[in-house]
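As structure tokens, the structure follows; a few thoughts come after it.
The values are calculated or read from the model by the stated rules, or taken from the named source; none is laboratory data. The shown structure was predicted, so the numbers you read here are calculated from the model rather than taken from an experiment. Neighbour counts are summed over all protein chains in view; Cβ atoms, including those assigned to glycine, are modelled from backbone coordinates with ideal geometry. We work out accessible area using only protein heavy atoms, side chains counted, and drop any ligands, DNA or RNA first. Shrake-Rupley method; radii C 1.70, N 1.55, O 1.52, S 1.80 Å.
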Amino acid sequence: MRRAFLAITGLAASTTALVVFKGSPAATQVAQNLPTAQPVNPTPQDVVPSADPAGVAPTPSVAPKAPTSPKPTKSTARPSGTRTTTKAAPRTTTKAPQSTTRRVTGNGFENEYGYVQVQIVVSGNRIVEAVALSLPSGGESDIHSGDVRNRYDGGGGEVVQKQNANLNTVSGATETSNSYKQSLRSAIEQAF
């Protein structure tokens, strides 16, 4: 208990001493801005004769001088013609960027074996996948349509490799290949 009392008393005494020796910042600032005293030396312009009713010689008196203003303070204004710029902090988003992937379906084309329609998946300005939505079916058409699907469809097919409709014709499935190319061409025209 005694130690705590001595510690608090010592802290208070040292704080008081610090304030007394250092002085408050406002008081020293005011003292710096006060005008300095000018010595009074009468000069001929400052002498004004005083009238004496007894006819005694006039005694010079000193005319009061106008008070001087405090010293001008330093200006913190910026020079004209300068600009200050601030950079905006980069934006952070918590939302995932939207995908530019889209599906585009070409027109359907009929041939003597059946109906053909193609859909492509486009990401940015590239075809990333091709899918035959409809191919001829039944009998031998199933085999030939399977060959067309294997050559052209998917992410590793000829459509994705060539990025256009100038595909090689599948042997034995010329009509289906040509209809596939026509539908693909219409999908590419819609996408790009």
Worksheet item: Do you know which of the residues in the stretch 158-171 that are part of a loop (DSSP other than H, G, I, E, B) and among the β-branched types (Val, Ile, Thr) is surrounded by the fewest Cβ atoms within 10 Å (Cβ to Cβ)?
Response: THR169
Fill in: Considering residues of the stretch 107-157 that are open to solvent by less than 40 Å² (accessible area, probe 1.4 Å), within 16 Å of LEU167 (Cα to Cα) and in contact (Cβ under 8 Å) with a residue 60 or more places away in the chain only, the residue farthest from the chain's Cα centre (by Cα)
VAL116
